Amino acid sequence: MAFSRYTPTATPAARIGLGLAAVGRPGYINLGRDRDLPAERTPEALRMRSHQLLDAAYAAGVRYLDAARSYGRAEEFLADWLAARPGVTDVVVGSKWGYTYTADWRADADVHEVKDHGAATFDRQYAQSRHLLGDRLDLYQIHSVTPDSPALTDPAVLGRLARLAADGVSVGLSTSGPGQADAVRAALEVTVDGHPLFSTVQSTFNVLEQSAGPALAEAHEAGLTVIVKEAMANGRLAGAAAPPELREIADACGTGPDAVALAAVLGRPWAGIVLSGAATAAQLATNLAAAGLEPDGSRLSALTRLAEPPAVYWRQRAELPWV
């Protein structure tokens, strides 16, 4: 299947997707995980939590679900959920290749994932994703592309991705790091046999890290669907951790700062899907409130002052502990 099945107007919440990074493995870099997850983070406990979130998200109108090979067992949990609900045929599923999960279900592992954008990694990981998700896989993305990523220039990789697209699976990429804008623009130049290769781009954008905005607008103009990840800045824009300016707007709107942070991104004309990375049903509910939130424009524009230099933002993100 192809990502072209995605319909942003299918439900009021269809432009909010559910990302499974926080619940597919015991360790991640989101703030507050000691509160959010069970004390015993066994595979079965997180499988149950993932299914609870997927049920709640689907019931609320979420129609895009996002996983990755490096999200521990997220693809497996998602595949189990889909198999148990054969009547759920209107969700669109995306996953990613390029990082290998290496933590062996330990939150205290020295290394949690290893990056490799070579053709051999694609072959191995696509086979694994296809084994789990079968023909439910609509979108396959290169995980965490940076401007110097060999995936954008390696003929072997590009050829494999082009064949995947020809077989009906949409091809995209995600970006990370202070050079996101350069990576997005480089991806827009990638063609195979004269045709653009990528259908989507998934990038970090939030009120603290706004540097990719102009490039994402260009991607939108070029016809790509823009998927925004980390709109909550790994928890820095939620609850008591949120900046006072964000909490003030939330109080005026009668909602949480997380909903305001998501609404600020949903309001960008180039934003196609904005991901919730909720780890609890309560977080998901407050995140989804963003779909019906229209904060005062002057208040939202004031949030632009919260933007950090990209190098500062990404350095702080790299220092967040895996817990």
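The values are calculated or read from the model by the stated rules, or taken from the named source; none is laboratory data. All figures in this text were calculated on a predicted structure; none of them were measured in a lab. Positions of Cβ are generated from backbone atoms using ideal geometry, with glycine treated the same way; all protein chains shown enter the neighbour counts. Areas reflect the complete protein model, heavy atoms only, side chains present, ligands, DNA and RNA absent. Shrake-Rupley method; radii C 1.70, N 1.55, O 1.52, S 1.80 Å.
For the range 9-61, enumerate the residues that are assigned to a helix (DSSP H, G or I), aliphatic (A, V, I, L, M) and open to solvent by 10 Å² or more (accessible area, probe 1.4 Å).
Correct list: 45, 48, 56, 59, 60.
Of all residues in the range 105-162, count the ones that are part of a helix (DSSP H, G or I), open to solvent by 10 Å² or more (accessible area, probe 1.4 Å), over 20 Å from residue 79 (Cα atoms) and aliphatic (A, V, I, L, M).
6
Just to be sure, is residue 1 farther than 20 Å from residue 141 by Cα and either open to solvent by 40 Å² or more (accessible area, probe 1.4 Å) or among the acidic types (Asp, Glu) (or both)?
Taking the combined requirement at face value, the residue does not satisfy it.
Could you tell me how many of the residues in the range 165-181 are over 15 Å from residue 216 (Cα atoms), out of contact with any helix residue (DSSP H, G or I) (no Cβ under 7 Å at 6 or more places or on another chain) and open to solvent by less than 10 Å² (accessible area, probe 1.4 Å)?
Residues that pass the stated criteria total 1.
Residues checked against (1) open to solvent by 40 Å² or more (accessible area, probe 1.4 Å); (2) at positive phi:
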| site | (1), (2) |
| --- | --- |
| 198 | no, no |
| 203 | no, no |
| 208 | no, no |
| 211 | yes, no |
| 228 | no, no |
| 235 | no, yes |
| 249 | no, no |
| 259 | no, no |
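Just one of 65, 82 is among the aliphatic types (A, V, I, L, M) and either over 24 Å from residue 223 (Cβ atoms) or open to solvent by 20 Å² or more (accessible area, probe 1.4 Å) (or both); which is it? Even if it seems obvious, please write down each step before you answer.
On the way: 65 fails: either over 24 Å from residue 223 (Cβ atoms) or open to solvent by 20 Å² or more (accessible area, probe 1.4 Å) (or both).
Result: 82 is the single residue among 65, 82 that is among the aliphatic types (A, V, I, L, M) and either over 24 Å from residue 223 (Cβ atoms) or open to solvent by 20 Å² or more (accessible area, probe 1.4 Å) (or both).
Can you find, within the range 237-247, the residue that is farthest from residue 320 (Cα to Cα) among those that are open to solvent by less than 70 Å² (accessible area, probe 1.4 Å) and part of a helix (DSSP H, G or I)?
Ranking the qualifying residues of the range 237-247, first place goes to 246.
For residue 255, work out the one condition from (1) among the β-branched types (Val, Ile, Thr); (2) open to solvent by 20 Å² or more (accessible area, probe 1.4 Å); (3) touching a strand residue (DSSP E or B) at 6+ places or on another chain (Cβ under 7 Å) it doesn't fulfil.
Of (1) among the β-branched types (Val, Ile, Thr); (2) open to solvent by 20 Å² or more (accessible area, probe 1.4 Å); (3) touching a strand residue (DSSP E or B) at 6+ places or on another chain (Cβ under 7 Å), only one is false for residue 255: (3).
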